[in-house]
Amino acid sequence: QVQLVESGGGLVQPGGSLRLSCASTGDISSIEGMGWYRQAPGKQRDLVALIRTGGVTNYAESVKGRFTISRDNAKNTVYLQMDSLKPEDTAVYYCNVVVLAAAGRLRARNSWGQGTQVTVSS
């Protein structure tokens, strides 16, 4: 499997912006779905943004209108543009290959990397 490395996190004030990058060691052009997940302390890891090869995107309701996922197959990189950040966005953010699993649920296919920490605080 390809290795995915997240970067771009940091400390930002409420209302600020960050752009996260997910760099792959291999070709992602044939991968149907790529997604960004996040996990806050004491919480489960949840999918917040998904992009498919045709450009179709889906977002968790909590981030819709504020986050934008995109992919650059030529650079083997997936991005997450985060605007109007809120304290509740604080979490470790991970990227992964996303596949359709049992009962129509979306599941991460690969092992998890280190992620990148996003902290939103005044």
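The values are calculated or read from the model by the stated rules, or taken from the named source; none is laboratory data. Just so you know, these numbers come straight off a predicted model, no measurement behind them. Here the Cβ positions follow ideal geometry from the backbone for every residue, glycine too, while neighbour counts run over all protein chains shown. The accessibility values were calculated without ligands, DNA or RNA, using every heavy atom of the protein model including side chains. Shrake-Rupley method; radii C 1.70, N 1.55, O 1.52, S 1.80 Å.
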How many residues, within segment 83-99, are surrounded by 21 or more Cβ atoms within 10 Å (Cβ to Cβ) and either over 17 Å from Pro14 (Cα atoms) or not hydrophobic (A, V, I, L, M, F, W, C) (or both)? 6
Would you confirm whether any residue within segment 100-112 is within 18 Å of Arg38 (Cβ to Cβ), open to solvent by 30 Å² or more (accessible area, probe 1.4 Å) and in a strand (DSSP E or B)? yes
Yes/no for Ile28 being open to solvent by less than 50 Å² (accessible area, probe 1.4 Å), touching a residue at least 24 places away in the same chain (Cβ under 8 Å) and more than 28 Å from Ser121 (Cα to Cα): yes
Of those in segment 46-82 that are assigned to a loop (DSSP other than H, G, I, E, B) and touching a helix residue (DSSP H, G or I) at 6+ places or on another chain (Cβ under 8 Å), the residue least open to solvent (accessible area, probe 1.4 Å) is Val63
Search result, residues across segment 31-45 that are in a strand (DSSP E or B) and either of a type outside the set (Gly, Ala, Ser) or open to solvent by 60 Å² or more (accessible area, probe 1.4 Å) (or both): Met34, Trp36, Tyr37, Arg38, Gln39
